[in-house]
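Worksheet for the structure shown next.
FYI, it's all coordinate maths here, none of it is from the lab. Computed from a predicted model, the values in this text were never measured in an experiment. Here Cβ is always computed from backbone atoms with ideal geometry, including for glycine, and neighbour counts include all displayed protein chains.
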Amino acid sequence: MSKNIYVNALAFNNIKNKKKTIEGRIKRGLFNNLFVDDIVIFICNKTNIKCIAKITKINTYNSVYEFLTNENIHNIIPYINEYNDALNIYKKHYGQKLENKSFKFVAIHLVLI
């Protein structure tokens, strides 16, 4: 059974063009129930266009800070090279939730199929 993941247009285009190979999310809800070899459908939240990917690896981190330090930022946000720039994007999206120590963060490694 495939799972739907909605992303913004920029992230979607980077996934579709194979530039973004890691999706980072707070580990809760759907993102707490993903597994290697799962099929996920990425849906652009602007156009509803879809692309299909397979999860090849999942790394779990204690925080977004640990996630950004241990994964290749360029594979997460292809147009960003600096840690602080990437962190600011996640802070803009998640806000105070990133400070909640009970939430872990996952790096979902993908390959388009």
- Message: If I filter region 56-65 for residues that are assigned to a helix (DSSP H, G or I) and either surrounded by 14 or more Cβ atoms within 10 Å (Cβ to Cβ) or at negative phi (or both), do I get at least one hit?
- Response: yes
- Message: Can you pull out every residue in region 39-49 that is assigned to a strand (DSSP E or B) and exposed (fewer than 13 other Cβ atoms within 10 Å of the Cβ)?
- Response: 39
- A careful count of residues in region 81-96 that are within 15 Å of residue 71 (Cα to Cα) and polar (S, T, N, Q) gives 2
- Task: Answer with yes or no whether residue 86 is in contact with a helix residue (DSSP H, G or I) (Cβ under 8 Å, 6 or more places away or on another chain) and assigned to a helix (DSSP H, G or I).
- Result: yes
- Extreme residue, surrounded by the fewest Cβ atoms within 10 Å (Cβ to Cβ), among residues of region 89-108 that are among the charged types (D, E, K, R) and in a helix (DSSP H, G or I): 92
- Message: When the residues of region 1-28 are narrowed to those that are hydrophobic (A, V, I, L, M, F, W, C) and not in a helix (DSSP H, G or I), which ends up farthest from the chain's Cα centre (by Cα)?
- Response: 1
